[in-house]
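Engineer: Just dropping this structure here.
The values are calculated or read from the model by the stated rules, or taken from the named source; none is laboratory data. Nothing here was measured: the structure is a model prediction, and the numbers come from that model. We place every Cβ from the backbone using ideal geometry, glycine too, and count neighbours over all the protein chains shown. Areas reflect the complete protein model, heavy atoms only, side chains present, ligands, DNA and RNA absent. Shrake-Rupley method; radii C 1.70, N 1.55, O 1.52, S 1.80 Å.
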There are 2 protein chains.
Amino acid sequence: MALRHAVLAALLDGELSGYQLAKAFDLGVANFWHALPQQLYAELTRLEKEGLVAGREVVQDARPNKRLFHVTADGLAALERFAAEAAKPSFVRDDLLVKVQAADHLDTDVLIAGLAERERFAEAKIELFGGLLRQMRGDRDEAEFLRHGERIGPYLTCLRGLAFERENRDWCRRSAEILRARRHQSRQAAEDATSPSSSSPARSRP
Amino acid sequence: MALRHAVLAALLDGELSGYQLAKAFDLGVANFWHALPQQLYAELTRLEKEGLVAGREVVQDARPNKRLFHVTADGLAALERFAAEAAKPSFVRDDLLVKVQAADHLDTDVLIAGLAERERFAEAKIELFGGLLRQMRGDRDEAEFLRHGERIGPYLTCLRGLAFERENRDWCRRSAEILRARRHQSRQAAEDATSPSSSSPARSRP
DNA sequence: GCATGATACTCAAGAAAGTGAGTAGTCAGA
DNA sequence: TCTGACTACTCACTTTCTTGAGTATCATGC
């Protein structure tokens, strides 16, 4: 039941439409939760029914009309109650880690490709988060902003996201290097064993 | 559908019972996926029905009998196919981050308590992962183990888990410090504004 | 000698999350 | 003028995850 609280937390920063919310929760920027548009529209409907958010119709001429939502007093109270609950530990759940766990039994090339792709993805998010942080703190330096800035919540979660993606990138890079080195070794070994100084086709499966 | 592949990956390290698997996937050690016992038993049943794992009954006298599972050739092929698919990016999903996102609107004390608790949790996992890594590499040093060790998959995922928990701990510590400093400031400001050199009760909500 | 906790599982129900498809207008570029 | 991308949403369905309860035996400690 944390999606609803994530929505409430996101709406604290100002009125948003379901569509804007969806963009924030979907690719990239979701540095504290992730959800798809359909989930968000559904959750907004529920939240409005329960009076935790309120929406107002905004008529637009060049585009479809939209509804902007904001958090009500009840909504804020619900968030407050949520914050007081014990946070359940957040567990890792990552396809790529599952693959690496099985590394010793799988095709190394495929894994290295996966690691490289994830590294690029992480790099892109690092850029994105860096830009977001700069934007949030404006012309102030970080220490100053953290001391006196008005809204540091999003800044802190963004810092977490940045650190996460940096670790991700570094780990991907290092793991790929290790796998490459081992692949190279096993090729060498195979060549030495069968016919020294021959050019046997390079196999990636050790 | 990654749970099934996580189970397969876990079983590569040797035969395990559902119960042993459950312990590995539950608290702590699950450094590449997390799941509850019920899910695992259900998944094992499905996997066995599809021939991706095979179980054998082990009769015990001092304890209930158990079934040990291992991955079949079909299971390994399924893992191989899974590895070749594009890994979907793993998104953050963390109660605590949701709370911090809303930090500027919530009770600071409650948040700091949450951060402290998570920090302790992270510290415990760091210890745990450190021990696991030592155990896996035995008497070799890390570089040597990563070059020539026989099974590095679990080692690499454990390294990822360790890095994650370190970042977690550091971020919790730093965020809590920042919030404490701001709380202190706002108290000061409040005291200065109402009655300088009076002992007004300290409020934590800025 | 009785509670507690570990081993070893199973069943049922419900909440949450993910997937796929569809509507409908606007705008920019080929 | 047609294609594709963007804004702005909705409906229906399936899979996955979580919660709670229950069974049975054995070992350990108070």
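Engineer: Return only the number of the condition from (1) in a helix (DSSP H, G or I); (2) out of contact with any Gly (no Cβ under 9 Å at 6 or more places or on another chain); (3) within 15 Å of DNA strand D (Cβ to nearest atom); (4) not basic (Lys, Arg) that B:Phe91 does not satisfy.
Structural biologist: Among (1) in a helix (DSSP H, G or I); (2) out of contact with any Gly (no Cβ under 9 Å at 6 or more places or on another chain); (3) within 15 Å of DNA strand D (Cβ to nearest atom); (4) not basic (Lys, Arg), the lone unmet condition for B:Phe91 is (1).
Engineer: Would a scan of the stretch A:37-55 turn up a residue that is among the β-branched types (Val, Ile, Thr) and closer than 30 Å to A:Glu123 by Cβ?
Structural biologist: No, the conditions are met nowhere in the stretch A:37-55.
Engineer: Of all residues in the stretch B:128-153 being of a type in the set (Lys, Arg) and more than 10 Å from chain A (Cβ to nearest Cβ), which is surrounded by the most Cβ atoms within 10 Å (Cβ to Cβ)?
Structural biologist: B:Arg137
Engineer: List pairs: first residue in the stretch B:20-47 and farther than 23 Å from B:Pro89 by Cβ and away from chain A (no Cβ under 12 Å), second residue away from DNA strand C (no atom under 11 Å from the Cβ) and among the basic types (Lys, Arg) anywhere in the structure, Cβ distance under 7 angstrom, at least six positions apart or on different chains.
Structural biologist: B:Glu43/B:Arg4; B:Leu47/B:Arg4
Engineer: Right, here's the next one. All but one of (1) without any contact (Cβ under 8 Å) to a residue 12 or more places away in the chain; (2) more than 9 Å from every other protein chain (Cβ to nearest Cβ); (3) not β-branched (Val, Ile, Thr) hold for B:Phe69; which doesn't?
Structural biologist: (1)
Engineer: Next question. Collect the residues in the stretch A:74-122 that are more than 30 Å from A:Lys49 (Cα to Cα), at pLDDT below 95 and more than 7 Å from chain B (Cβ to nearest Cβ), keeping them in residue-number order.
Structural biologist: A:Glu117, A:Arg120, A:Ala122
Engineer: Which residue out of A:Thr45, A:Thr72 is polar (S, T, N, Q) and away from DNA strand D (no atom under 16 Å from the Cβ)?
Structural biologist: A:Thr72
Engineer: Here is a check on your reading of the model: is A:Val71 touching a strand residue (DSSP E or B) at 6+ places or on another chain (Cβ under 9 Å) and either open to solvent by less than 50 Å² (accessible area, probe 1.4 Å) or not basic (Lys, Arg) (or both)?
Structural biologist: Yes.
Engineer: Tell me which of these B:Leu156 doesn't satisfy, since it passes every other one: (1) within 9 Å of chain A (Cβ to nearest Cβ); (2) among the aliphatic types (A, V, I, L, M); (3) open to solvent by 10 Å² or more (accessible area, probe 1.4 Å).
Structural biologist: Every condition holds for B:Leu156 apart from (3).
Engineer: Looking at A:Gln101 and the list (1) away from DNA strand C (no atom under 13 Å from the Cβ); (2) open to solvent by 40 Å² or more (accessible area, probe 1.4 Å); (3) polar (S, T, N, Q), which single condition is not satisfied?
Structural biologist: (2)
Engineer: Checking B:Gln185 against (1) modelled with pLDDT under 95; (2) closer than 18 Å to B:Glu117 by Cα, which test does it fail?
Structural biologist: (2)
Engineer: Okay, moving on. Take the stretch A:54-93 and flag every residue that is over 28 Å from the mean Cα position of the chain (by Cα) and within 14 Å of DNA strand C (Cβ to nearest atom).
Structural biologist: A:Val59, A:Gln60, A:Asp61, A:Ala62, A:Arg63, A:Pro64, A:Asn65
Engineer: Same structure, new question: Only residues that are open to solvent by 30 Å² or more (accessible area, probe 1.4 Å), more than 9 Å from DNA strand C (Cβ to nearest atom) and aliphatic (A, V, I, L, M): list them for the stretch A:20-53, please.
Structural biologist: A:Ala24, A:Leu27, A:Val29
Engineer: Only residues that are of a type in the set (D, E, K, R) and closer than 20 Å to A:Gly14 by Cα: list them for the stretch A:111-169, please.
Structural biologist: Residues satisfying the conditions are A:Arg134, A:Arg137, A:Glu150, A:Arg151.
Engineer: Would you be able to say whether some residue in the stretch B:1-17 is part of a strand (DSSP E or B), more than 7 Å from chain A (Cβ to nearest Cβ) and within 15 Å of DNA strand D (Cβ to nearest atom)?
Structural biologist: yes
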